[in-house]
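The values are calculated or read from the model by the stated rules, or taken from the named source; none is laboratory data. Predicted model only: the values in this text are computed from it and were never measured. All Cβ positions, glycine included, derive from the backbone under ideal geometry; neighbour counts span all protein chains shown.
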Amino acid sequence: MNGFRNLSLKQLKEFKPIITRNLAWFNRQSNKQSFGTKLKRRLRNLLIVSVIGFGSYYGYRNYKNYKWHKELNESNESTGTKPRIVVLGTGWGAVPFLKHIDSQKYEVVCVSPRNYFLMTPLLPSVSVGTVETRTVIEAIRTLIGPRIKYVEAHCVDIDPKLKIITCNTDEKGTVSRGDDIKTIVVQSKRESGASSRIIKDSARTRPQFDMKYDILIVAIGSSTNTFNIPGVEEHAHFLKEILDARRIRSAISDAFESAMTPTQTEEERKRLLHFIVVGGGPTGVEFAAETTRS
């Protein structure tokens, strides 16, 4: 060690290549013997291969989409028109599609007798008065904006060969909304005052019209299945639309007010305040819970 202290700077520089070669040799030997280093190298190579593979896949997919959109734009420019997509319905299936469709490439028309989107999971809360009616509906034109045309009407016929739908509203199928009623009842001016007359809202009746389409999307939902049980249609309440919730709310309020009448017997009060919920799904369970809590 004393000999190294007496070495000059020039002599130390001569030893530097020898020391570097020895250190490199030791590093190579340690790399060959280290399992962690081998695993790290293999994982790095796997990551590189994965990145290249995924990049190639997404690049090829984007190229195909670009090629398809380019051909579509060229065909639209040659014909001067855009393909028309007609969507039937304004529910959970139709609204997300209408919000994400590219209206610059397609002419989109929405046809439905309901000019609002209904938040159906909140219907049990509306039926017992926990939530007000206006808080669970949203105007369809507010959701889809001016880029998509909306027509308030019923689709009564579809011709798949000619690609034409027929829409109208008659007296039996007038369009209905969630914030009002279909008819206006006015008390008669007769002496007895017991009868009433009904004024029909003529603005709810639309003339029949036909509409052509290139692509038709049917998203009208479904109706409640009664399983052909006698008396269900006449005596039971459904919970499918906003008007159903309002009818249930009115019936519950009438039952409680009638039960509070001083002349009611205890047996009649129990009958009036006895409610039966048919169905143990999300709607039935939520309605039962809301009724018990309220």
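Considering only the stretch 95-123, how many residues are touching a Pro at 6+ places or on another chain (Cβ under 9 Å) and not in a strand (DSSP E or B)? So that I can check it myself, show each step before the final result.
Kept after step one, since they are touching a Pro at 6+ places or on another chain (Cβ under 9 Å), are these residues of the stretch 95-123: 105-107, 121.
Imposing the further condition that a residue be not in a strand (DSSP E or B) reduces the set to 105-106, 121.
Total satisfying the criteria: 3.
Quick one: which residue in Ile144, Ile158 is assigned by TED's automatic domain parsing to the domain that holds Val285, touching a strand residue (DSSP E or B) at 6+ places or on another chain (Cβ under 9 Å) and at pLDDT 95 or above?
After ruling out the rest, the residue left standing is Ile158.
State yes or no: is Ile229 among the aliphatic types (A, V, I, L, M) and either outside any helix (DSSP H, G or I) or closer than 24 Å to Phe97 by Cα (or both)?
It is true that Ile229 is among the aliphatic types (A, V, I, L, M) and either outside any helix (DSSP H, G or I) or closer than 24 Å to Phe97 by Cα (or both).
When the residues of the stretch 259-294 are filtered to those that are under 29 Å from the mean Cα position of the chain (by Cα) and charged (D, E, K, R), which remaining residue is nearest to Thr224 (Cα to Cα)?
Only one residue tops the list, namely Glu286.
Mind counting the residues in the stretch 85-107 that are under 16 Å from Thr142 (Cβ atoms) and among the aliphatic types (A, V, I, L, M)?
3
Could you check the stretch 234-246 and list, in sequence order, the residues that are loosely packed, with under 15 Cβ neighbours inside 10 Å and either part of a helix (DSSP H, G or I) or touching a Phe, Trp or Tyr at 6+ places or on another chain (Cβ under 9 Å) (or both)?
Across the stretch 234-246, the qualifying residues are Glu234, His235.
Out of (1) assigned to a helix (DSSP H, G or I); (2) at pLDDT below 90, the odd one out for Ser127 is which?
That leaves (2) as the condition not met.
Within the stretch 34-43, which residues are assigned to a helix (DSSP H, G or I) and surrounded by 10 or more Cβ atoms within 10 Å (Cβ to Cβ)?
Thr37, Lys38, Leu39, Lys40, Arg41, Arg42, Leu43
Evaluate the stretch 247-261: report whether one residue or more is modelled with pLDDT of 90 or more, surrounded by 12 or more Cβ atoms within 10 Å (Cβ to Cβ) and within 23 Å of Val111 (Cα to Cα).
no
With respect to Gly279, is the statement that it is within 28 Å of Met119 (Cα to Cα), in the same structural domain as Ala236 (by TED's automatic domain parsing), assigned to a loop (DSSP other than H, G, I, E, B) and free of Cβ contacts under 8 Å to residues at least 40 places away in the same chain true?
yes
Within the stretch 135-146, how many residues are at negative phi, surrounded by fewer than 20 Cβ atoms within 10 Å (Cβ to Cβ) and under 19 Å from the mean Cα position of the chain (by Cα)? Talk me through it step by step, then tell me what you get.
Step one: list which residues in the stretch 135-146 are at negative phi, which gives 135-144, 146.
Within this subset, residues satisfying the condition of being surrounded by fewer than 20 Cβ atoms within 10 Å (Cβ to Cβ) are 135, 137-139, 141-143, 146.
Subset that is under 19 Å from the mean Cα position of the chain (by Cα): 135, 137-139, 141-143.
Of the residues in that region, 7 qualify.
So if I check each of Ile252, Ile242, which one is within 36 Å of the chain's Cα centre (by Cα) and under 24 Å from Gly91 (Cα atoms)?
Residue meeting the stated conditions: Ile242.
In the set Gly279, Gly193, Gly231, which member is surrounded by 10 or more Cβ atoms within 10 Å (Cβ to Cβ) and modelled with pLDDT under 90?
Gly279
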